[in-house]
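Let me begin by presenting the structure, written as structure tokens, before commenting on it.
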Amino acid sequence: MENKMQSLPMVALRGMTIMPGMTVHFDVSRPRSIAAIQEAMLNDQKLFMVTQKEVEIEEPEQKDLYEVGTIGTIRQMMKLTKKTIRVLVSGETRASLKSIVQSDPFLSGEVEVIDDTQTEIPEEYSSEVVVRSLKDMYVEFAAKNGKMSKEAVAEILEIEDVHKLVDEISANTPLYYKDLQEILEETDFWKRYEKLAYRLTNEVEVINLKDNLQRKVKERMDQHQKEYILREELKLIREELGDDSTISDAEEFEKALKELNAPVEVKEKLSKEIKRFKSSLNSPGENGVIRTYIETLLEMPWEKTVEDSDDIDYAQKVLDEDHYGLKDVKERVLEFLAVRSLTKKGDSPILCLVGPPGTGKTSIAKSLANALKKPYVRISLGGVRDEAEIRGHRKTYVGAMPGRIANAIKTAGVKNPVVLLDEIDKVSTDYKGDTFSALLEVLDSEQNYKFRDHYLEVPLDLSEVLFITTANTLQTIPRPLLDRMEIIEVSSYTENEKLHIAQEHLIPKQLEKNGLKAEQLKFSKQAIWKMARNYTKEAGVRQLEREIGNICRKIAKEILTTKKESVTVTERNIQKYLGKEKFTYQMANKTDEVGIVRGLAWTSVGGDTLQIEVNVMPGKGEILLTGQLGDVMKESAQTGISYIRSVSTQYGIEEDFFEKHDIHVHIPEGAVPKDGPSAGITMATAMISAITGHKVRADLAMTGEVTLRGRVLPIGGLKEKLLAAKNAGIKTVLVPKDNIADVDELSPEITKGLEILPMENMDEVLKTALTKEQQ
């Protein structure tokens, strides 16, 4: 057939391609397209249809259209609305658009009919093979597509001519319009066949992938649906059983875990426990144990800290406001703050405050926390004898819980609080374990950054905790534990210190507690001194505070009953409120006596004086020791006797004196136990005085340990002993020469009015203590 040129009205198609042999209807709404269809209907109903390259263009020009289109015949036209018509068109032949000859009122183009190139099938393929192959592909595509009628498919499958088969399949296969356009533009038959085969195969693959994807999505949706239904059923069952909180709790735990700031090891442990929690639904006992464990781990402040305060002036102000005295403790804390301020780091010190009861050891710890602006937690260790109290119980035990240390950190809410370990000297041990050994790891700054509590099962960092411990004595604390702490001694208060503490702290506190105003009750200095001296006998101020409270209550009653506006408590009227004096000091003897020497002793409530009495009687050389003396004190007396016998010729003592005389050493207040070596020189002096008949100075007291050779060894508790001597009216005190360094550290308030003489041996003691006067 010869190629020929034609001038035909044309319609620009959007989103569709019409192939030869294809019968299709489409809607037309653009005015120029409607006019072109109407023009065709007036003539031979021939219409050139060509596809737009871009769908969005409303008024396409030649450059906006594909070059190859289809000439078709309009079979039917129907008006839908005023601006839209529907046409049924059958495609007939390919044609190439050469030019647009008219644009208004409709598009008209010069087109050239394209004859197919009747390319021969390659020699290696037979016509039958090509036809069968194409039919197989078409059947597979039709089966996968699912939108093609069986009749149309069957009709096409009856075609045996390969050329016609290619055109029919192209015309009746719902491919993408751009793919159809490629096939339409191909004039070479064999190439058109290859393109069609490729498109069919590709479409089958796409449909397979799509089906596979949809199947997976459906399976997943089915699984989710199944899980949802099962969860709802489980939820309903739990509600019926009254246990519907586990799932929601597990979700809450997982949410809290995501927000938790903790080491990786802790998070991994928590994640495992939450999984176990979910799977323990059928075991209420195990479920409860795991729930408690998870809640405990989530509440621990693993990485939460409070910012350290570097304000030394503020810390000094707080410490001075809360406590009078305690210079060493305050100084150490300020040093720690200074180092932290300069280095921006530094290990937290582990302090041990040692001293008598009532001296403010426990309360100073709270002041330190306020000064450092840190949370404060107190742990009382008095009577603790189980190692699990410190390290916790393993969570497999019924009622297991974290140890006191871990619990304190949880209570504080931060990993760097101030923790007070109160009464560490009262810790005991039994068959359950050694509590002191458990404390070794806690109080060792080289180890406690990975403290392992038995309950938590994960390391807990204690390196940033400021530990403060308190004790009344160091005797019961094991040496390895003592070695880990920085010892600060908190000694007894002097009367002047007690006066300041009472005026600045105790009296205002008791006035507020008992509803009194400062102008309603006043205390004179002498009244406070008398209370401290004659109504209390202590190193601290606890009993003094009780006596002040006692007075406040009586004054409150007096003001209400007598309508007095104010009361002043003085030295004269204090007996009216507190009754007769509870304690009297054994004042220095007025006259020098033989065999009576004033010794000095340290007690848990401060210092005291001991009047040692010695009598010599005819007998068989026995030595009697009375006054409830301890073993060490008895040995000191024996040592003194041995020393005296070794120097008997020096003091004119007859050789057979000790064989013909008994010596009785007695220390009054026989109901009170006494022990220690510090009365050695006192007993030796009293015995020599009784044996030789020389009197001992009444205004003199002494303390020191004696050796067999007469050397004087140092002792402890010197401050308390000197205070006791001063209260008793003693003028001269003999102390070991090695204790002079301790004397130099004492405040002038204590040493004022006392003549303190250092002694190196018994010869010096006896020269100073004995008078030349004999009985």
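The values are calculated or read from the model by the stated rules, or taken from the named source; none is laboratory data. Not measured: the values here are computed from a predicted model. Cβ: placed from backbone, ideal geometry, glycine included. Neighbour counts: every protein chain shown. The accessibility values were calculated without ligands, DNA or RNA, using every heavy atom of the protein model including side chains. Shrake-Rupley method; radii C 1.70, N 1.55, O 1.52, S 1.80 Å.
Could you list, in sequence order, the residues of segment 680-706 that are part of a loop (DSSP other than H, G, I, E, B), touching a Ser or Thr at 6+ places or on another chain (Cβ under 7 Å), open to solvent by 10 Å² or more (accessible area, probe 1.4 Å) and not acidic (Asp, Glu)? Explain how you work it out, then say what you get.
Let us first name the residues in segment 680-706 that are part of a loop (DSSP other than H, G, I, E, B), namely 693, 697-699, 703-704.
Still in the running and touching a Ser or Thr at 6+ places or on another chain (Cβ under 7 Å): 697-699, 703-704.
With the extra rule that they be open to solvent by 10 Å² or more (accessible area, probe 1.4 Å), the set shrinks to 697-699.
The answer is Arg697, Ala698.
Is it the case that some residue within segment 644-658 is open to solvent by 90 Å² or more (accessible area, probe 1.4 Å), over 60 Å from the mean Cα position of the chain (by Cα) and either acidic (Asp, Glu) or on the phi > 0 side of the Ramachandran plot (or both)? Even if it seems obvious, please write down each step before you answer.
So the first thing to find is which residues in segment 644-658 are open to solvent by 90 Å² or more (accessible area, probe 1.4 Å), and the list is 645, 649-650, 654-655.
Of the ones still in play, those that are also over 60 Å from the mean Cα position of the chain (by Cα) are 645, 649-650, 654-655.
From what is left, the residues that are either acidic (Asp, Glu) or on the phi > 0 side of the Ramachandran plot (or both) are 654-655.
So far as segment 644-658 goes, yes, one or more of its residues are open to solvent by 90 Å² or more (accessible area, probe 1.4 Å), over 60 Å from the mean Cα position of the chain (by Cα) and either acidic (Asp, Glu) or on the phi > 0 side of the Ramachandran plot (or both).
Just to be sure I understand, how many residues within segment 710-762 are under 54 Å from the mean Cα position of the chain (by Cα) and either under 26 Å from Phe583 (Cα atoms) or of a type outside the set (Asp, Glu) (or both)? Step through it out loud before you land on a result.
Step one: list which residues in segment 710-762 are under 54 Å from the mean Cα position of the chain (by Cα), which gives 713-727, 735-752.
Restricting the remaining residues to those that are either under 26 Å from Phe583 (Cα atoms) or of a type outside the set (Asp, Glu) (or both) gives 713-727, 735-737, 739-741, 743, 746-752.
Residues that pass the stated criteria total 29.
Looking for whichever is of a type in the set (S, T, N, Q) and modelled with pLDDT of 85 or more here; the options are Ser90, Ser103. Which one fits?
Values: Ser103 fails: modelled with pLDDT of 85 or more.
Residue meeting the stated conditions: Ser90.
Return the pairs, sorted by first residue and then second, in which the second residue is in a loop (DSSP other than H, G, I, E, B) and among the small types (Gly, Ala, Ser), the first residue lies in segment 514-543 and is touching a residue at least 12 places away in the same chain (Cβ under 8 Å) and more than 25 Å from Lys721 (Cβ to Cβ), the beta carbons are less than 9 Å apart, and the residues are 6+ apart or on different chains.
Glu519/Ser566; Gln520/Ser566; Leu521/Ser566; Lys522/Ser566
What residue, of Leu175, Leu196, Leu165, is open to solvent by less than 30 Å² (accessible area, probe 1.4 Å), within 19 Å of Glu140 (Cα to Cα) and either among the basic types (Lys, Arg) or touching a residue at least 60 places away in the same chain (Cβ under 8 Å) (or both)?
On the way: Leu175 fails: either among the basic types (Lys, Arg) or touching a residue at least 60 places away in the same chain (Cβ under 8 Å) (or both); Leu165 fails: either among the basic types (Lys, Arg) or touching a residue at least 60 places away in the same chain (Cβ under 8 Å) (or both).
The match here is Leu196.
Considering only residues that are in contact (Cβ under 8 Å) with a residue 40 or more places away in the chain and open to solvent by 10 Å² or more (accessible area, probe 1.4 Å), which ones fall in segment 546-558?
Scanning segment 546-558 gives a single hit, Ala556.
Which residues, taken from segment 375-391, are touching a strand residue (DSSP E or B) at 6+ places or on another chain (Cβ under 6 Å), modelled with pLDDT of 85 or more and assigned to a loop (DSSP other than H, G, I, E, B)? Walk me through it before giving the result.
If we filter segment 375-391 for residues that are touching a strand residue (DSSP E or B) at 6+ places or on another chain (Cβ under 6 Å), which is where we start, we get 376-381, 385, 387.
This time we only want the ones that are modelled with pLDDT of 85 or more, so: 376-381.
Correct list: Leu381 only.
If you take the residues in segment 461-480 that are under 26 Å from the mean Cα position of the chain (by Cα) and of a type in the set (A, V, I, L, M, F, W, C), which one is farthest from Lys719 (Cα to Cα)?
The first filter runs over segment 461-480 and keeps only residues under 26 Å from the mean Cα position of the chain (by Cα), leaving 461-470.
Among the residues that remain, those that are also of a type in the set (A, V, I, L, M, F, W, C) are: 462, 465-468.
Working: Leu462: 37, Val465: 33, Leu466: 30, Phe467: 28, Ile468: 24 Å.
Out of the qualifying residues, it is Leu462.
One line per residue, one yes/no per condition, for (1) open to solvent by 70 Å² or more (accessible area, probe 1.4 Å); (2) at pLDDT 85 or above:
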| site | (1), (2) |
| --- | --- |
| Leu560 | yes, yes |
| Arg572 | yes, yes |
| Gln575 | yes, yes |
| Tyr585 | no, no |
| Asn589 | no, no |
| Gly595 | no, yes |
| Arg598 | no, yes |
| Thr603 | no, no |
| Gly607 | no, no |
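Write out, first by first residue and then by second, each pair whose Cβ atoms fall under 8 Å of each other, whose residues are 6+ apart or on separate chains, and whose first residue, in segment 98-112, is open to solvent by 60 Å² or more (accessible area, probe 1.4 Å) while the second is not in a strand (DSSP E or B) and not charged (D, E, K, R).
That search, which allows pairs on different chains as well, returns Pro105/Pro31; Pro105/Ala35.
To keep it simple, each residue is scored yes or no on (1) of a type in the set (Val, Ile, Thr); (2) closer than 24 Å to Val306 by Cα; (3) open to solvent by less than 20 Å² (accessible area, probe 1.4 Å); (4) not in a loop (DSSP other than H, G, I, E, B).
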{"residue": "Asp328", "(1), (2), (3), (4)": "no, no, no, yes"}
{"residue": "Ala371", "(1), (2), (3), (4)": "no, yes, yes, yes"}
{"residue": "Lys395", "(1), (2), (3), (4)": "no, no, no, no"}
{"residue": "Val398", "(1), (2), (3), (4)": "yes, no, no, no"}
{"residue": "Ala406", "(1), (2), (3), (4)": "no, yes, yes, yes"}
{"residue": "Ile409", "(1), (2), (3), (4)": "yes, yes, yes, yes"}
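Among the residues in segment 678-695, are any of a type in the set (S, T, N, Q) and over 16 Å from Ile596 (Cβ atoms)?
yes
What residue, of Asp44, Asp27, is open to solvent by 60 Å² or more (accessible area, probe 1.4 Å), under 20 Å from Thr84 (Cβ atoms) and acidic (Asp, Glu)?
Values: Asp44 fails: under 20 Å from Thr84 (Cβ atoms).
Only one candidate qualifies: Asp27.
For segment 574-594, enumerate the residues that are of a type in the set (S, T, N, Q) and either under 30 Å from Lys695 (Cβ atoms) or in contact (Cβ under 8 Å) with a residue 40 or more places away in the chain (or both). Even if it seems obvious, please write down each step before you answer.
Narrowing segment 574-594 to residues of a type in the set (S, T, N, Q): 575, 584, 586, 589, 591.
Listed by number, the residues that qualify are Thr584, Gln586, Asn589, Thr591.
Among the listed residues Glu286, Glu254, identify the single one that is open to solvent by 20 Å² or more (accessible area, probe 1.4 Å), under 20 Å from the mean Cα position of the chain (by Cα), over 22 Å from Phe451 (Cβ atoms) and not hydrophobic (A, V, I, L, M, F, W, C).
Details: Glu286 fails: under 20 Å from the mean Cα position of the chain (by Cα).
Checking each option against the conditions leaves just Glu254.
Restricting to segment 338-357, give me the number of residues that are within 27 Å of His505 (Cα to Cα) and surrounded by fewer than 21 Cβ atoms within 10 Å (Cβ to Cβ). Can you show your working first?
Going through segment 338-357, the residues within 27 Å of His505 (Cα to Cα) turn out to be 351-357.
Checking which are surrounded by fewer than 21 Cβ atoms within 10 Å (Cβ to Cβ) leaves us with 357.
The number of residues fulfilling the criteria is 1.
Return the residues of segment 755-771 that are surrounded by fewer than 16 Cβ atoms within 10 Å (Cβ to Cβ) and closer than 16 Å to Asn727 by Cα; say none if nothing qualifies.
Scanning segment 755-771 gives a single hit, Glu755.
Filter segment 698-719 for residues that are touching an Asp or Glu at 6+ places or on another chain (Cβ under 8 Å) and not hydrophobic (A, V, I, L, M, F, W, C) and give the result.
Of all residues in segment 698-719, those touching an Asp or Glu at 6+ places or on another chain (Cβ under 8 Å) come to 698, 710-715, 718-719.
Selection gives Gly710, Arg711, Pro714, Lys719.
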